[in-house]
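**Student:** Please find one structure pasted underneath; my questions will follow.
The values are calculated or read from the model by the stated rules, or taken from the named source; none is laboratory data. Every value quoted in this text rests on a predicted model; they were computed, and no experiment measured them. Heads up, the Cβs are rebuilt from the backbone with ideal geometry, glycines too, and the neighbour counts pull from every protein chain shown. Note: areas computed on protein heavy atoms with side chains; ligands, DNA, RNA excluded. Shrake-Rupley method; radii C 1.70, N 1.55, O 1.52, S 1.80 Å.
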Amino acid sequence: MSQTDDVIVRALRDEDEPIWRELWKAYLDFYNSTVSEEVYQTLFARLLGDDPRDFSGMVAEVDGRVVGLVHYLFHRHGWKIEEVCYLQDLYAAPSVRGKGIGRALIEAVYQAADDHGAPTVYWLTQEFNDTARLLYDRIGVVTPFIKYQRP
């Protein structure tokens, strides 16, 4: 596999739960994070639900094997009439990194945002995520914002 043409990006399905869980756990491990079993179950249910306030999920397949995931959410913005799209989680299995999985997943979110009428798609990453930032620098624009949160 050498191009995104070999990748199929599709909506998350109920039967994807075991591999989705494995990939999302690896994603959380990368960021030295853990969540409770209740969060796993709740997020997966929300990803499959139809509440427009909830996240949506897609997976990337190569040769019928799920190798990546993305979670995204549409929300209102105080400075815009149209909604914006927040891409929260993006992960590709280490064995397929550098083979277009991340790009295919982001482009699928771009398409979902276009279909939704949300021209802005944004995401966050940590400074140390150098490998992903190589991709992000090619398909996005880094902003000057710094994230703060409640202690």
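**Student:** First compute the accessible area of the chain with a 1.4 Å probe, then give the percent of it belonging to carbon and sulfur atoms.
**Tutor:** Solvent-exposed carbon and sulfur of the chain make up 51 percent of the total.
**Student:** In debye, nearest 20, what is the charge dipole magnitude of the range 42-151 about its Cα centre with +1 on Lys and Arg Cβ and -1 on Asp and Glu Cβ, if you could check?
**Tutor:** It comes to approximately 360 debye.
**Student:** Something else: Scale the Cα Rg of the range 56-140 by the rule-of-thumb value 2.2 N^0.38 Å and send over the ratio, two decimals.
**Tutor:** For the range 56-140, the normalised Cα radius of gyration comes out at 1.12.
**Student:** Separate question: Could you give the C-alpha radius of gyration of the range 104-151 expressed as a fraction of 2.2 N^0.38 Å, taking N as the number of residues it contains?
**Tutor:** It is 1.32.
**Student:** How much length, in nm to one decimal, is gained on full extension between SER95 and GLN111, taken as 0.36 nm per residue of separation minus their Cα-Cα distance?
**Tutor:** Extending this stretch completely gives an extra 3.2 nm.
**Student:** Give me P(r) over the chain, computed from all C-alpha to C-alpha distances, binned every 10 Å, as integer percentages.
**Tutor:** 10, 40, 39, 11, 0
**Student:** Leaving out ligands and nucleic acids, and using a 1.4 Å probe, what accessible area per residue does the range 1-100 come to in Å²?
**Tutor:** Solvent-accessible surface per residue comes out at 59 Å².
**Student:** In nanometres, what is the gap between the two model label sites at TYR31 and GLU127, each 7 Å from Cα along Cα-to-Cβ?
**Tutor:** Rounded to a tenth, the inter-label distance reads 1.8 nm.
**Student:** While we're looking at this one, here's another question. When only C-alpha pairs under 8 Å and at least 6 residues apart count, what is the relative contact order of the chain, in percent?
**Tutor:** 22 percent
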